[in-house]
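The values are calculated or read from the model by the stated rules, or taken from the named source; none is laboratory data. Fair warning: this is a prediction, and the values are worked out from it, not measured in the lab. Counting neighbours? That spans all protein chains shown, and the Cβs are built from the backbone with ideal geometry, glycine included.
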Amino acid sequence: MKTYDDLAGDGGSNVIEQVVSQREKLRKRLDPIKHKISVMSGKGGVGKSSVTANMAVCLASRGFKVGILDADLNGPSIGKLLNVPHSEKLEITPEGVQPAIGALGIKIMSMDMLLPSADSPVMWNEGKDATAVWISMMESQALRELLTDTIWGELDYLIIDMPPGSDRIDNVRDLIPELDGVVEITIPSPISQHIVSKSITKSSQLGVSIIGLVENMATYVCPHCNEEGKLFEGEDVEKLSQEKKIPLLGRIPFDTRVSRQSGSGKLFFEEHADSVTGQAISQVVDNILKFIQNKSN
Ligand SMILES: Nc1ncnc2c1ncn2[C@@H]1O[C@H](COP(=O)(O)OP(=O)(O)O)[C@@H](O)[C@H]1O
Ligand SMILES: [Mg+2]
């Protein structure tokens, strides 16, 4: 068997050229997008997708052109949240794939739109023999293709809804070196804050800017008397924000209507922008816009 020492150059595989050409294609596709933000959390189920979708609607309602890449290959949910039926066929052209169009013209690309049916899981060909490292490489490659092959066009904001896990930031940083920054989502439970704290450390170590922290499901607003009460007995998020020296972008209260799509298929922010929770989402968006403005000055 030949070892690497026996091979001249790349052994004829052209691997370096292929990587350079892939990077170049991705760069060209992302160039017309002014800002790229990734929404993440080490923890699952804290509301990354819900916050992403509602923030996107908030930005679009202010006149920004917005796109979302659902990067959670195993639990994609953005299409469902923004009312894009799974049966909708995406138009494939020689130039790439036209993204689905959700509420307020938001462009959406998600792995599940390429799956045969709404309840198909993503299956890697290597099946049960695939190691975690290999799966992570395939995940990264799938994301590169989704990002590169989508005809995003000109956008003001592309928001990337990340799967749980702090290691995922490596992929995003590699794929999008010009990422504006990361929004970290937590809930007020000690376990969530512990995991999110690790995710913040990892992002900082990699030199990725952290736009700030969002505390979701911070409080519960009683629909009868409008009183706000605590939902979890956790540590105050302000402590985490001070410890890690990252801004607190906002605290979004729990509102049962966030998880309930209305009969018309509308997302929470489309119908309840003026509610306490809607206003909290607007405040988070205000703070993200301030961060972007300061960065460009
Ligand atoms: N502020 C909120 N108020 C009420 N329910 C929420 C809120 N944020 C998220 N949820 C609900 O919590 C669940 C998990 O949210 P999701 O956005 O899927 O989390 P993640 O993307 O982090 O896994 C969903 O059922 C969602 O509707
Ligand atoms: Mg999600």
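Quick notes
- If you go through the stretch 210-236 and keep only what is of a type in the set (S, T, N, Q) and exposed (fewer than 13 other Cβ atoms within 10 Å of the Cβ), you end up with just ASN226.
- Of the helices (runs of 4 or more DSSP H) entirely within the stretch 48-163, those holding at least 3 residues that are small (Gly, Ala, Ser) and at pLDDT 95 or above occupy 48-61.
- Inside the stretch 47-73, residues that are within 13 Å of ligand 2 (Cβ to nearest atom) and over 13 Å from the mean Cα position of the chain (by Cα) make up a count of 0.
- Reported count of residues in the stretch 233-247, each being assigned to a loop (DSSP other than H, G, I, E, B) and either among the aliphatic types (A, V, I, L, M) or closer than 18 Å to TYR220 by Cα (or both), is 5.
- Residue count, the stretch 39-91 (criterion: of a type in the set (S, T, N, Q) and within 23 Å of GLY153 (Cα to Cα)): 6
- Hits in the stretch 202-232 - residues which are β-branched (Val, Ile, Thr) and without any contact (Cβ under 8 Å) to a residue 40 or more places away in the chain: VAL208, ILE210, THR219
- Residues that are away from ligand 2 (no atom under 11 Å from the Cβ) and touching a residue at least 40 places away in the same chain (Cβ under 8 Å) were ranked within the stretch 74-87; the one that is surrounded by the fewest Cβ atoms within 10 Å (Cβ to Cβ) is ASN83.
- In the stretch 241-266, the residues that are farther than 13 Å from VAL214 by Cβ and of a type outside the set (Phe, Trp, Tyr) reach residues that are at pLDDT 90 or above and part of a loop (DSSP other than H, G, I, E, B) with C-beta atoms within less than 7 angstrom, at least six apart or across chains, in these pairs: ASP255/SER275.
- Answer residue from the stretch 36-69, given it is touching a Gly at 6+ places or on another chain (Cβ under 7 Å) and in contact (Cβ under 8 Å) with a residue 60 or more places away in the chain and is farthest from ligand 1 (Cβ to nearest atom) among those: ILE37
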